[in-house]
Amino acid sequence: MRKVRILTVSSANMDFVMNVSKVPAGGETVQDPGTYSFIPGGKGANAAVAIQRLGGDSVFCTRLGNDSNGRTLKAIYESEGIDTRFIVTDSESNTGLAAIMVEPSGQNRIIVFPGSNSKICEKDIKDAMGCLPDALFMQLEISESAVLTAAGYAAEKGIPIFLDAGPARRDFPLDKLPRLEVFSPNETETEIFTGIKPSNPDACLKAAIALSELVDAHYYVIKLGGRGCYIYDGKYYYCLPTYDMPVVDTTAAGDAFTSALTLEYLRSGDMERAGKYANAVGSLAVGVRGAMPSIPTEAAVQKFIKAVGVFD
Ligand code: RIB
């Protein structure tokens, strides 16, 4: 069977990850016995890797700097089997960098220096669209104009658009987007866009309705972290709980979730099934440290699905 081809137009970062016992307060200097490392990440790259590891045909369009981080990241994507033909090397900017502090609870705080990610331009996108994707996947970690341009091209060609709303920007012109297949913010992003904290099923419904007034989509999928996800199609909703797994590091769990949801929805045409599958992928991702290393393979996901009875 032909694999589903998903074009990800989004960001790539090297993550500088600090495992700390406690994040410092303003003005405080802390000596921490924790560890630090450089780990491949970036919301777009995490999604592109997830799509490939989960059995999709992943095409990645991004910009990397002409530096050692850029070269390291491109080699990693190639070794994963991702189509890297539409990754452009930008000679004027550094590769994106994310500084991430992870506390023992697994909770993280991230600051991103976008660097070359902010240079993705119309030509990069137009070239990448030539791969004839079955779907376009994006997040908001690149420029507003890149997101709107890619969405415009996809809509013109009738290619379904899946938009993960992270990181949310209150001033992003959601009303300029064409109709999306899926719009998926996490809890914080939902609150930023709607002012409603999706802390219980009633609030989730209110937030989903508010989202539907801001952006035109077939499905609104609110990621609820350890509580799973809430899916709303303008009429019906599903609250899908996640699976109880020890949390080591939540970095990239959201990226893994939304890209898994996209892939499984395209494979099955069944959004409820896709939500359950994505919850399984997200649950596995929180059990491993780091962004890209935490993304499971399809074999690991299938084993988990059978063990836990995800579709029973
Ligand atoms: O979603 C996690 C990602 O956000 C990290 O890998 C970091 O690079 C930032 O983009």
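The values are calculated or read from the model by the stated rules, or taken from the named source; none is laboratory data. None of these values were measured; they are calculated from a predicted model. Positions of Cβ are generated from backbone atoms using ideal geometry, with glycine treated the same way; all protein chains shown enter the neighbour counts. When the accessible area is computed, the model is the full protein with side chains, heavy atoms only, and any ligands, DNA or RNA have been set aside. Shrake-Rupley method; radii C 1.70, N 1.55, O 1.52, S 1.80 Å.
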May I ask you to say which residue of Ala252, Ala291, Ala285, Ala278 is closer than 26 Å to Asn13 by Cα, surrounded by 24 or more Cβ atoms within 10 Å (Cβ to Cβ) and in contact with a Leu (Cβ under 7 Å, 6 or more places away or on another chain)? Ala278
If you scan region 48-59, which residues turn out to be in contact with a strand residue (DSSP E or B) (Cβ under 7 Å, 6 or more places away or on another chain) and within 14 Å of the ligand (Cβ to nearest atom)? Ala48
Inter-residue pairs, beta-carbon under 9 Å, first over 21 Å from Ala151 (Cα atoms) and in region 55-83, second open to solvent by less than 10 Å² (accessible area, probe 1.4 Å) and of a type in the set (Phe, Trp, Tyr), 6+ apart: Tyr77/Phe60; Ile82/Phe60
Residues in region 31-47: is at least one aliphatic (A, V, I, L, M) and more than 11 Å from the ligand (Cβ to nearest atom)? no
Among the candidates Ser105, Ser143, Ser184, which residue alone is open to solvent by less than 40 Å² (accessible area, probe 1.4 Å) and farther than 25 Å from Ala208 by Cβ? Ser143
Ala299 modelled with pLDDT of 95 or more, assigned to a helix (DSSP H, G or I) and open to solvent by less than 10 Å² (accessible area, probe 1.4 Å): no
Please give the number of the condition Glu298 fails out of (1) over 30 Å from Glu78 (Cβ atoms); (2) away from the ligand (no atom under 16 Å from the Cβ). (1)
State yes or no: is Ser11 within 15 Å of the ligand (Cβ to nearest atom), part of a loop (DSSP other than H, G, I, E, B) and either in contact with a Gly (Cβ under 6 Å, 6 or more places away or on another chain) or under 19 Å from Leu263 (Cα atoms) (or both)? yes
Considering only region 110-146, state which residues are outside any loop (DSSP other than H, G, I, E, B) and within 11 Å of the ligand (Cβ to nearest atom). Ile110, Ile111, Val112, Phe113, Asn117
Across region 261-275, what is the number of residues that are open to solvent by 20 Å² or more (accessible area, probe 1.4 Å) and either touching a strand residue (DSSP E or B) at 6+ places or on another chain (Cβ under 9 Å) or assigned to a helix (DSSP H, G or I) (or both)? 6
